[in-house]
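A short write-up of the structure that comes next.
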Amino acid sequence: MTSLDLHGLGVRVHVTVSGSRVDELTDALRTAWSRCLVPRGSEIDAPPLTVSLEADEDLAPRLQRFTQDVTQTAIQAQRGRLFMFHAGAVTDPRTGAALAYVAPGGTGKTTLSGVLGRTHGYVTDETVGFNLDGRIMPYEKPLSIRPPDFTGVKIETSPDELGLARVHPDARLRRFVLIRRDESLTTPTVEPLGVLDAIVQLTSESSSLSSLGTPLHSLAAFLDARPPTLLVTYAEAESARDVLVEALEET
C-alpha cells in the first residue's frame, strides 16, 4: 500500500493505492497525473480516494475510472464555491487570459485541448472552475485519448507526454466558446451570442450552478463584462484552431 496527493480544481485529493500490483499502478498514476502532483496553494481538502489493481484486472480501464472518480470528487468538494462548466480551456502564454470551450462529453474537448495546447497553456480538457473575478483553478488532469483500436476504453495520457504547453500561473477566464461538431462543414462557422442566449446554453453544461448565491445574476454580470460568447461549429479540430486562437487573443 502506498499513497499520493493529487492537486487540481483548487482541491487536494489524498489517494491510497493498494492491490497486488500496487507498484505498477502507482507508477502509472504518477505518470498520467504528472502535472497534478505539486500543491498550488489555497487548496481545500476533498474526501480521500482509494484505488487498487489486482492480478486479473486490466490497467487502462482502471485508470479511466479513476480519472472519473477524481473529477467527481473535486467537483463535489467545490460545490457552492466555484462556477464549474463541462469545458476544456487553454491560456494565452503571454497574458494568462483563458478561453473555455464548452460542450457535452464526447464532442471534441479533449481533441481541441491537444491541438490548442501545442502553443497555449493546457488548463484542462474536462472541467473549468473559476471564481467571480474569473480566476481559474487549473485542473491539469491526464487527457482521455481514444486509441486507434478504440473499443470503449480511453488511454489516460499525461499532458507532458503529449508535449502540451504549461498553464499560465495567473489564468483568468476571458471568454466562453460553445463548440459543436458538423462533419459536413468545410470551414468553421462563428456566431456571437447575446448574454441571455449564452446563459441558456451554458447552464446546461454547468456543475452545481444552483448551489451558488444568485447564480444567474452573477453569471450574467460576468458575461456582460467580457467579449461575447461565441458558438463555433466545425468539422475537425485542426480546422477550428485558428478561429479559437483568434477568439482568445483578439483585442
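The values are calculated or read from the model by the stated rules, or taken from the named source; none is laboratory data. Since the model is a prediction, treat every value here as computed from it, not as a measurement. Positions of Cβ are generated from backbone atoms using ideal geometry, with glycine treated the same way; all protein chains shown enter the neighbour counts. Calculation scope for accessible area: heavy atoms of the full protein, side chains included, ligands and nucleic acids excluded. Shrake-Rupley method; radii C 1.70, N 1.55, O 1.52, S 1.80 Å.
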Inset, instruction - Could you give me the residue pairs with C-beta distances under 7 Å whose first residue belongs to segment 1-18 and is without any contact (Cβ under 8 Å) to a residue 12 or more places away in the chain and crowded, with 24+ Cβ neighbours inside 10 Å, whose second residue is of a type in the set (Asp, Glu) and assigned to a strand (DSSP E or B) wherever it lies, and which are 6+ apart or on separate chains? - result: none
Inset, instruction - Six or more apart or on different chains, Cβ under 7 Å: which pairs go from a residue in segment 27-42 that's more than 23 Å from MET1 (Cβ to Cβ) to one that's open to solvent by 20 Å² or more (accessible area, probe 1.4 Å)? Could you list them? - result: ARG35/ASP160
Inset, instruction - With the condition kept exactly as written, say whether any residue in segment 39-61 is open to solvent by less than 70 Å² (accessible area, probe 1.4 Å) and among the basic types (Lys, Arg). - result: no
Inset, instruction - Kindly provide the set of residues from segment 75-90 that are open to solvent by less than 30 Å² (accessible area, probe 1.4 Å) and either more than 12 Å from the chain's Cα centre (by Cα) or free of Cβ contacts under 8 Å to residues at least 60 places away in the same chain (or both), ordered by number. - result: ALA77, GLN78, LEU82, PHE83, GLY88
Legend entry - Residue in segment 186-196 that is touching a residue at least 24 places away in the same chain (Cβ under 8 Å), on the phi > 0 side of the Ramachandran plot and either exposed (fewer than 14 other Cβ atoms within 10 Å of the Cβ) or within 19 Å of the chain's Cα centre (by Cα) (or both) present: no
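Tell me yes or no: at least one residue of segment 206-226 is open to solvent by 50 Å² or more (accessible area, probe 1.4 Å) and under 18 Å from the mean Cα position of the chain (by Cα).
no
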Legend entry - Failed criterion for TYR139 (all others in (1) open to solvent by less than 10 Å² (accessible area, probe 1.4 Å); (2) free of Cβ contacts under 8 Å to residues at least 60 places away in the same chain; (3) in a loop (DSSP other than H, G, I, E, B) hold): (2)
Inset, instruction - Hey, could you check segment 19-38 for residues that are of a type in the set (S, T, N, Q) and surrounded by fewer than 18 Cβ atoms within 10 Å (Cβ to Cβ) and say which is farthest from the chain's Cα centre (by Cα)? - result: SER20
